[in-house]
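Data block below; observations after.
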Amino acid sequence: MTLLNGILAAGALAFTIPLAIHLLFRSRFRRIDWGAMYLLQDIVRINRRRMQLMNLLLLILRCLIPVLLAISLARPVLTGAKALPGDTPQTWVLVIDDSRSMSTRLPTDSSEAGDESGVGLSTRFDRLKTQLRQLIDQQSRNDSFLLIRTSRAGQPIGPLGRQEAIREIGETEAQAASFDLADVLESAIRAARDATTSQRHILVASDFQSHLLDQTPVEALERLSRLVNDEAFPPSIGWLNLGTNSDQLSNFSIDEIKLDSPAAITGRPTQFVASLRSASDSPVDGLRTTWTVDGIEVASRAVQLPRRSTTQLTFDFTFEEAGYHQVDVRIDTGDALLADNQRSYAVKVVREVDVLLVDGDRRSQALDGETAFLSLALSPFAFANSDRPDAVATRVVTTGQLASTLQKSSPDVVVLANVAKLNSSATSLLVDRIHQGLALLIFDGDRLEPKFYNTPWESKQRKLVLPAALGDVASHPKSAARFGDVNPDFRPWLMFHEAGQPLAESSVSQCREWNLADSATTLLELQSEQPLAVRITQGRGQVIQFALPCDADWSDWTFKQTFVPLIQQLVLSLAGTDTDASVPVGQPITVPIEEFDQLAESIALRKPTPRRRSQDSGVYRYRLLRPDGQESTLQPDFLVTDESLSESTAKMALTIPPTR
Amino acid sequence: MRVLDLISPSDLSRVARLQLLARQVVEGFCSGRHRSPHKGFSVEFKEHRQYVRGDELRNIDWKVFGKSDRLFIREFEEDTNVRVQLVVDRSGSMAYQGERSDVSKFEFAQQVAASLAYLMLGQQDAVGLTLFDDRPREQLPPRNRPSHLKSLLSVLTSGTPRHETSLGQVLQRVASKIHRRGLVVILSDAMDDVDALARPLAQLRASHHEVLFFRVVDPDEVDFPFRGRIQFRDLENAALEQTVDSHSLRQAYIDRFQAHEESLVAMCRKHRLDMIRLVTNQPVAEALHHYLGKRRRMR
């Protein structure tokens, strides 16, 4: 036996109260000089033992009352084989797979187990709802239910009564991404731990796609097993498999769509590639697919697919206007799961990135100047005379031409390559343009004058302090100083961090020593942890400073394969062309406050109804409205717990997950 | 010798109070304040007898002379004098006074005895007194002089209740000392063995004495109204005490009291004598009714 609220058993010590009262009053009595002792004495003599026994029983009873009360409040339960049968309250933790695969349409011949009606159900999720409803109806009204959706495993709903649970399940939709089975099970076990009953059951209702188990390591399952065994009241775990006859379903899906061109540039063909997969056992001939750009059908073709195979669909399109565009590809044939027959891709189309290279030591010979390698890295197709578009158009000017060039044009990026110093007008223009959004790259070299770079740059209204104050140039023995790791928080270079330090092939013979500003962020460093590239932001722009030149003078990095992608990714990110406009299903998109107002749909927020408020147990959901007042299909997935929050405050906390 | 030579002024005041009270009781009784089923009390005509020389002229029945022309003397009850021995219990148990009573059992017995003595002496009966506890303590022989009242009252008010009760032994000794037929009035709470009374009562009845047994009890001794934890200390033996939960004993005590009284009644009935329960919160004059009824039957 064990106690659910063991701490309350300490109340049994209250038995000392009646005992103390008994002992206290035993010593208190009234004295009477009595004249009929002749009669009283006989009675006392006859009844003494009986009275003593009665008093003792009364005392025991009075002492037992607090003990029994404390034990009953501590809620003793018989565990294991001694568990009480009958109407013992139970707690059910229902894990509901609300991933998209649960929207698979089932065959009309529903001879699958559990379908007692014999009538075909529309989707697996409908069948899940029906079976769970039947299960809940069979339980007693003393039972309680906790619901865990696999899309929100960390937010169990409940405890709920029978009707509440049925209603909540009825309002759930299967539109979420895949989930981690081990994480979901762990959430269920922890939710069951908080139950107030000793009998606890976990039921996982899912189609149990093969990847769920494939992706679940054995160690995770062992850990879960230990977690269950360590519980005071181990829950039973059951499985409701709704994924039967999956092999009989003929499903086609668009698994992926991506941009095959390095960049989407206006006026130049942009190529997209979609991955089309067949899960059918039969080959397909004439499967119609359609490409759509911004809602307008552009291309349609029939595809041949062997049984259980994947093929690539290519699509070329020339965008005329810069900005975000939506490219969709869909399969026009109905199958078991319609939701995966279409996929969308948002692409940011840009005009060419204008990069102004300021060569501090311009030479007439090719590849002799400071900016030769940069030009090659940024516009490789142009150098190769290829038709393929380069995302970047470079211009090279001298130090003296910088100011006038800035006055006539507005480049996206300015690169100072081994520039000794600048005149005041150029400096002033740079300071103002950086504040307005210009990105400045500074590459080191033997011509730099530290005094100029270590002094704040000024315009009429602003002042700019560079991220690093120049020190001496230090020499390193050959092969002693190699590139180390990049800052994993710097997204443009994330590929180099994940790839296992491919930059280490680059070595440094000389390198500038710095005195970093407090606000500087290191982007790249040597293996000795000496910084090589640092950054600061100023207004809407930023400054990135390198401790190396962008040629082969102090290092061999310009000859390495990593140089081109390193520079390209950096420049494109500075120009704002690497923004990921497409987010995988189930992942949240964080919308910056400044861009929230630019959304096409209304920013109006409608406060929740009292019914919704009670459902969420004090937690409120705001709903986005379209300009016509209807609810947007894109709804926020966040919870506001303070009713007093104003709409503006709620807006700042908004994150919007994609639901399709 | 004056009364003050025998008793102190404080005792005299007690005596005076008791006498006054007794007088009030009797006069109140006589004036009809205390209604009684017994008709009158004064001297009653008994019979006529021939006049002989020396008889008092005031007793000549002139109506009979007018009818018969012969002289007859009227004889009255008062001529039949009774010798009364008051036997009053002065044991420790008689000192009990409950909250519902104004007087203790002994004080009540004093008032009853004084009132009876007053009444009896007024009727020219001879009254004697015996105060007892475990043995006779004070004794006065029966006298019918009116001045004997003060002596009786003085003895009644002397001393305080103490010692144990031994009613049977005392009655035995009283019975052996009373030689002339008379009336024995017992005033006691009878908190003693009932069986011990059998022989002395039988002896008294065998001597043709009439016995009137007034059992004096306090209301508390009748219904045992106590609650809570109480230590009862014996008034006759201070060393004897019982600490009990009185409420749990109440019914048993009441049953015991009634059984004891029933055995007393049975004992008295067996020996053809009257036992009357007097409760100390009742009027003293109640006792006089029973006395007069008894007195009438003794003609």
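Starting from segment A:253-336, pick out the GluC sites (Glu not before Pro) whose DSSP state is loop and whose Cβ has at most 15 other Cβ atoms within 10 Å.
A:Glu320, A:Glu321
With θ taken as phi - 60° and the coefficients 6.51, -1.76 and 1.60, list the Karplus ³J(HN,Hα) couplings across segment A:331-344 in order, rounded to whole Hz; mark glycine and proline as x.
Those phi angles translate into 9, 8, 9, x, 9, 5, 10, 6, 5, 9, 7, 9, 9, 10 Hz.
With a 1.4 Å probe and all protein chains kept in place, how much accessible area does A:Phe559 have, in Å² rounded to the nearest 10?
In the full protein context, A:Phe559 sits at about 140 Å².
In square angstrom, what is the accessible area per residue of segment A:162-274 with a 1.4 angstrom probe?
For segment A:162-274, the solvent-accessible area averages 48 Å² per residue.
Using Cα-Cα distances under 8 Å and only pairs 6 or more residues apart, what relative contact order does segment A:248-391 have, in percent?
The normalised contact order for segment A:248-391 reaches 26 percent.
Considering only protein heavy atoms and a 1.4 Å probe, what is the carbon-and-sulfur percentage of the accessible area of segment A:192-317?
Taking all protein chains in place, segment A:192-317 shows 47 percent carbon and sulfur surface.
Give, as a single signed number, the net charge of other residues whose beta carbon lies under 13 Å from the beta carbon of A:Val303, with Lys and Arg counted +1 and Asp and Glu -1.
+2
Run through segment B:59-128 and list the trypsin sites (Lys or Arg not before Pro) located in a DSSP loop whose Cβ has at most 11 other Cβ atoms within 10 Å.
Passing sites in segment B:59-128 are B:Arg70.
Give me the summed buried accessible area for the B-A pair, 1.4 Å probe, to the nearest 100 Å².
For chain B against chain A, roughly 2600 Å² becomes buried.
As a quick test, which of the pairs A:Lys408/A:Lys451; A:Lys258/A:Lys348; B:Lys105/B:Lys294; A:Lys421/A:Lys460 have an alpha carbon distance above 21 angstrom in this structure?
In this structure, A:Lys408/A:Lys451; B:Lys105/B:Lys294 exceed 21 Å between Cα atoms.
Keeping every protein chain present and rolling a 1.4 Å probe, give me the accessible area per residue for segment B:115-159 in Å².
36 Å²
Kindly sort A:Arg351, A:Arg462 by accessible area of their heavy atoms, largest first, with the probe set to 1.4 Å.
A:Arg351, A:Arg462
Looking at segment B:170-254, which trypsin sites (Lys or Arg not before Pro) are in a loop (DSSP not H, G, I, E or B) and have at most 15 other Cβ atoms within 10 Å?
B:Arg180, B:Arg181, B:Arg227
Given H placed 1.01 Å from N in the peptide plane, which residues other than close sequence neighbours of B:Asn237 have an amide H under 5 Å from its amide H?
Counting only residues 5 or more places away or on other chains, the set is empty.
For a test of the definition: using alpha carbon positions, the gyration tensor, and the 1.5 limit on a/c, classify segment B:63-191 as rounded, prolate or oblate.
prolate
The values are calculated or read from the model by the stated rules, or taken from the named source; none is laboratory data. The structure presented is a predicted model; accordingly, all values stated were derived computationally and were not measured. Note: ideal-geometry Cβ built from the backbone for every residue, glycine included; neighbour counts use all protein chains shown. For accessibility, only protein heavy atoms count, side chains too; no ligands or nucleic acids. Shrake-Rupley method; radii C 1.70, N 1.55, O 1.52, S 1.80 Å.
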